[in-house]
Amino acid sequence: MAANPYERIRAADWYASMREEQGRYDPARGALHTIRPLIRCVYGSHDMARSMAQEARLAFLQNRRTEAYALLAEIRDMPLSAPAVTWGQTDRDDWIPEGRQARLYYRLAGMSFPGAAGGLMREEYKTTDDPSDSSTLIYTPIAPQGPLQDMKVRLRVGSRDRHGTTVAQALAHELSYERELYGRKPHGHEAGEAPKPDAVPVEFAPAGSTHASGAVNIADEHGGQEVHGVWIARKGAWQIIVRASWAPQRQAAAAKALRALFADIGWNAHQARYRGQTPQTRALNQRFDTALANQQWTEAAALAKRLLPTTLFPNRQARLYTAMGIAAARSGSPARAMPLLRKAFGKWRYSKLGYGSESLFDTLLLYAADTAFRAGDTRQAVTWLNAHNRDLPDPNWKLDTASGALLYLPMNLNLPARLGDFMLVNHDRNLARYVRLHPDQAIGVTLMKPAPGKDPEDMEDLLRNWMTHKMELQVGKATELSYPQATRGDAHGRMLQFTVARPDASRSGVINIGTDALPPTGQRLMTFWLSRVADREIVLRTETAAGDTAALAAAGKAAASFPWPVAASSAPPAAGDPWALSCAVPAMAATPKLP
């Protein structure tokens, strides 16, 4: 048996394929079933769903339709991993089971779709989180080597909020897209000549809809022919675009399959929950988006309350709850903030993280973690904080998922998840960063081995040059104080404070605290806490306004709780494999041998 999860998955896939070719469907299904935990561990729930769809297809081939439908239904209902910090999942709130044959009902559109029809099976589906996008359902042949060989049907379901074209214009666009995506000009076609649309072998004309359809014959680079059909139907605020492809010699079988599939699609526009936006709602959404982009949380929360009753798509709902939750958190009310933050995560679960969305989601994670810490729910706080720090790990660092602490391996130094009111939010190479959110403040951590220079004056000169040239600050006098908290055992601690001024044009070196606000200018105070142990130097720094004693006290409290070492540590632990999958060991143990 294969020794690692990737090899074991490949071996099971090969075994299932071989047994299917032999008509031995039970061992093929058994092989696919055994590797479910591994697929989920290595590739995620989406790939696991595709593997389960293959199990369902094999059950259909065995004429065990009840088992096949049960497998398709199980795909929708399979447990989500860590639901509090999951995103991009299939929408389960608006796509709901209907009947006992794995039908799916999309309540926003008033549509329902079969699990299988006409020899085609729903292989996968992806749901949209926003009215500007479309949900997709893909149907493929149950028998890959049968009369529907290589046929594929893709349904796109979306709102018409941003469609100002007629169905005929939309059809022309879709056919042109098919040619550009799949087409190769057959020998003998003139340059610039495009094949004219042909009639489709079957119509898709739901009652009460406006519709159009057409097909094109496309040749590949080897001279093979394929028919690509497109159907568009619109009703109320919604439209369906169907794109299907099949071999010309199998057109009769394809027509029969499509006729059965189209007949099994339900569409009751009167039951659709979403019926478009009014101009007033659209204007209110624009005001909300502007306030959210500018991090005007109070204003965004007030607009969100007005929009919430009429907002139905997950991404929009997630953004509204995020604004309301963060505004409540910033007002110092964890009891009011926590339910809103949890509702936000519940909707982000079905939302994609793209441009703009990911930074908002990360901001939500920070405020949620901070609020949970303040509410005394350390376990939940660490879960959210770990999700924020989800980037690929640097091999010099090791995360303790239970506590949220980070171990810096070269120094064998453990950085806690929280220092006073500051949370550990980032790490890279020999740098780490703590932040507090309200008011905004950051503490930078630099871990140096070997330490620069041979005496303390060398370090002061290095910091002064760094602020002058790297941060582009005007550096004044320095005040040096002893720092008893870091003067223990072999360690010598001290604190340095520099008066500095930032010119209006300078933004260099500012510790990113997650906002887009311009850094403060004018007179500032840069405070460093330092500890030297043998050949190692640890530096903490924060920047405050010259007279802001509260901010300096908060940073000082955090620095006092920092785990300053008392001696040079012993040999650091060996670096682990940053790509290792923690789920692989139990998943491998739970995976039996191939049947």
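List of remarks:
- Residues that are open to solvent by 90 Å² or more (accessible area, probe 1.4 Å) and touching a Gly at 6+ places or on another chain (Cβ under 9 Å), drawn from region 290-311: none
- Tally, over region 333-376, of residues that are under 18 Å from His438 (Cβ atoms), assigned to a loop (DSSP other than H, G, I, E, B) and touching a residue at least 12 places away in the same chain (Cβ under 8 Å): 1
- Residue that is modelled with the highest pLDDT [pool: residues in region 21-57 that are of a type in the set (Asp, Glu) and open to solvent by 50 Å² or more (accessible area, probe 1.4 Å)]: Asp26
- Condition check for Ala302: touching a residue at least 12 places away in the same chain (Cβ under 8 Å) and assigned to a helix (DSSP H, G or I): no
- Positions within region 105-147 being open to solvent by 20 Å² or more (accessible area, probe 1.4 Å) and aliphatic (A, V, I, L, M), in sequence order: Ile142, Ala143
- Test for Arg287: is it part of a loop (DSSP other than H, G, I, E, B) and either at pLDDT 95 or above or touching a Gly at 6+ places or on another chain (Cβ under 9 Å) (or both): no
- Residues satisfying the criterion are present in region 257-264 (criterion: open to solvent by 80 Å² or more (accessible area, probe 1.4 Å), at pLDDT 95 or above and either aliphatic (A, V, I, L, M) or touching a strand residue (DSSP E or B) at 6+ places or on another chain (Cβ under 6 Å) (or both)).
- Residue check for Gln277: modelled with pLDDT of 95 or more, farther than 30 Å from Met121 by Cβ and open to solvent by 20 Å² or more (accessible area, probe 1.4 Å): no
- Test: Ile138 is farther than 26 Å from Ala247 by Cβ and in a strand (DSSP E or B): no
- Residue tally, condition in contact with a strand residue (DSSP E or B) (Cβ under 9 Å, 6 or more places away or on another chain), farther than 18 Å from Ala451 by Cα and open to solvent by 20 Å² or more (accessible area, probe 1.4 Å), over region 464-487: 13
- All of Arg316, Arg275 fail the test of being touching a Gly at 6+ places or on another chain (Cβ under 8 Å) and of a type outside the set (A, V, I, L, M), apart from Arg275.
- Contact annotation: no residue pair with Cβ atoms under 6 Å, 6 or more positions apart or on different chains, pairs a residue in region 241-253 that is under 15 Å from Met121 (Cα atoms) and part of a helix (DSSP H, G or I) with a partner that is charged (D, E, K, R) and open to solvent by 50 Å² or more (accessible area, probe 1.4 Å).
- For the condition small (Gly, Ala, Ser), out of contact with any helix residue (DSSP H, G or I) (no Cβ under 7 Å at 6 or more places or on another chain), surrounded by fewer than 13 Cβ atoms within 10 Å (Cβ to Cβ) and at pLDDT 80 or above, Ala199 qualifies.
- Residues of region 91-102 that turn out to be open to solvent by less than 50 Å² (accessible area, probe 1.4 Å) and either at pLDDT below 90 or within 19 Å of the chain's Cα centre (by Cα) (or both), as a count: 1
- With a requirement of 1 or more residues that are closer than 18 Å to Gly420 by Cα and modelled with pLDDT of 80 or more, the strands (runs of 3 or more DSSP E) lying completely within region 482-576 that satisfy it span 522-533, 536-545.
- Only residues that are closer than 23 Å to Arg24 by Cα and among the aromatic types (Phe, Trp, Tyr) were counted across region 38-77, and they come to 2.
- Filter pass, Gly223 being of a type outside the set (A, V, I, L, M, F, W, C) and in contact with a strand residue (DSSP E or B) (Cβ under 6 Å, 6 or more places away or on another chain): no
- For Asn430, the criteria (1) closer than 19 Å to His388 by Cβ; (2) modelled with pLDDT under 90; (3) among the polar types (S, T, N, Q) hold in every case but one, which is (1).
The values are calculated or read from the model by the stated rules, or taken from the named source; none is laboratory data. Note that this is a predicted model, so its numbers are computed, not measured. No Cβ is skipped: glycine too gets one built from the backbone with ideal geometry, and neighbour counts run over all protein chains shown. The accessibility values were calculated without ligands, DNA or RNA, using every heavy atom of the protein model including side chains. Shrake-Rupley method; radii C 1.70, N 1.55, O 1.52, S 1.80 Å.
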